[in-house]
Amino acid sequence: MADGAQKHPYHLVDPSPWPALGAIGAFLLAFGAAIGMHPDLFKEILSELFRPDTAKALAASFEGFFKAVSWWIVAPGFLIVFAVMYWWWSDVVVESRKYHTAVVQLGLRYGMILFIASEVLFFAAFFWAFFDASLYPNSPEMPIRTEADGGIWPPKGVHVIAPFDLPFMNTLILLLSGTTVTWAHHAILEGNKRDAVRGLLLTVLLGVCFTSIQAYEYIHAPFKFDTNIYSSTFFMATGFHGFHVFVGTTFLLVCLFRAMAGQFKPNQHFGFEAAAWYWHFVDVVWLFLFFCIYWWGSGNAPIALH
């Protein structure tokens with residue numbers, strides 16, 4: 001390579017700070033979320049690391065801080081993650097114009113498939129937790145839970161969200177967004193920039209609508225995250241999916257800007273393909289959430305009225 005020409009079709013990525021910085025942001029985000037959900041968790045961590053008197057003194061000094069910031073403790077992690085997304089995406093967009101050969105695109109496709117497979121396992125864990133609690137409400141192995149929940153599902157006293165109200169509306173919104181992103185894909189394959197932009201714009205708007213409706217649903221939910229096992233599994237599964245919708249919408253927004261700039265070609269547009277795969281995955285997971293958690297999981301519990 002003395003003449004500076006590349007002698008192979010592979011892309012040897014330059015050293016980058018974004019993976020390490022992204023890991024730091026993800027850790028701060030996860031730690032902040034854990035503290036937000038369980039304020040006493042920090043005391044438990046200190047008790048494991050220090051002597052009882054030292055741990056007690058440190059916990060007392062930080063107690064006021066955690067009460068003051070509340071859920072805002074996740075802000076540093078969010079800011080770092082968003083910054084890394086912007087900088088890393090910018091680098092990848094620049095690299096894609098020069099280094100994403102057919103061989104590189106094939107490797108990226110395999111990587112995206114494996115990533116989505118790992119996401120499937122994430123959601124499988126949340127569904128497992130929900131079904132374990134809902135199918136065995138009288139489990140003798142969990143007498144404390146059985147006593148608290150009344151041995152029924154949903155637990156006694158729970159008023160559930162009407163499945164064919166806002167959740168059904170969100171189902172229609174996501175299904176429609178799947179058609180618009182497919183429209184955009186076909187437009188790119190045909191070299192039709194105008195329809196590609198239109199399809200992506202509609203998909204992004206539908207994603208924003210979904211997130212807004214789910215936020216409204218959470219604000220007016222008849223139960224809190226820590227009310228019981230039903231509320232915890234409900235918010236973890238649907239909230240994790242909502243976060244994926246937010247990430248997918250951001251992914252598609254980047255693709256929209258790239259489509260407007262004419263960067264997608266019929267034979268080279270893997271960035272869009274990856275976003276579309278991710279979005280279809282989000283669609284499918286929501287169908288399972290709607291049928292299993294909102295519909296079947298509501299059982300014969302009373303419906304909450306807003």
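The values are calculated or read from the model by the stated rules, or taken from the named source; none is laboratory data. All figures in this text were calculated on a predicted structure; none of them were measured in a lab. We place every Cβ from the backbone using ideal geometry, glycine too, and count neighbours over all the protein chains shown. Accessible surface areas use protein heavy atoms only, side chains included; no ligands, DNA or RNA. Shrake-Rupley method; radii C 1.70, N 1.55, O 1.52, S 1.80 Å.
Things to note:
- Percent RCO, i.e. relative contact order, over the range 189-306, from Cα pairs under 8 Å lying at least 6 residues apart: 35
- Solvent-accessible area per residue in the chain equals 57 Å², computed with a 1.4 angstrom probe and all protein chains kept.
- If you look at the Cα atoms of the range 231-296, you get an Rg and a Dmax of 15.0, 47 Å.
- Residue with peak Gaussian network fluctuation, the chain [Cα springs, cutoff 10 Å], from PRO222, PRO19, PRO163: PRO19
- Both the radius of gyration and Dmax for the range 201-249 are 12.1, 40 Å, in that order, over alpha-carbon atoms.
- Counting only lysines at least 8 places from LYS43 when in the same chain, those with an alpha carbon closer than 25 Å to its own are LYS56, LYS67, LYS224.
- In Å², nearest 10: area of LEU12 left accessible to a 1.4 Å probe: 130
- Gyration tensor (alpha-carbon) shape descriptor, the chain, a/c threshold 1.5: oblate
- Derived scalar couplings ³J(HN,Hα) [the range 248-259; Karplus, 6.51 cos²θ - 1.76 cosθ + 1.60; whole Hz; x for Gly, Pro]: x, 5, 5, 4, 5, 5, 4, 5, 4, 4, 5, 5
- When the chain is treated as a Gaussian network with alpha carbon springs shorter than 10 Å, the biggest mean-square fluctuation among ASP91, ASP165, ASP53 belongs to ASP53.
- Accessible-area composition of the range 145-256, carbon plus sulfur, in percent [1.4 Å probe]: 69
- Heavy atoms of THR182: accessible area, 1.4 Å probe, square angstrom to 10: 50
- 13 Å beta-carbon shell around ILE113, net charge (K/R +1, D/E -1): -1
- Cα gyration tensor shape for the range 146-212, rounded if a/c is under 1.5, else prolate or oblate: prolate
- The overall shape of the range 197-306 is prolate: from the C-alpha gyration tensor, with semi-axes ordered a ≥ b ≥ c, the ratio a/c is 1.5 or greater and a/b exceeds b/c.
- Relative contact order, percent, the chain [alpha-carbon distance under 8 Å, six or more residues apart]: 20
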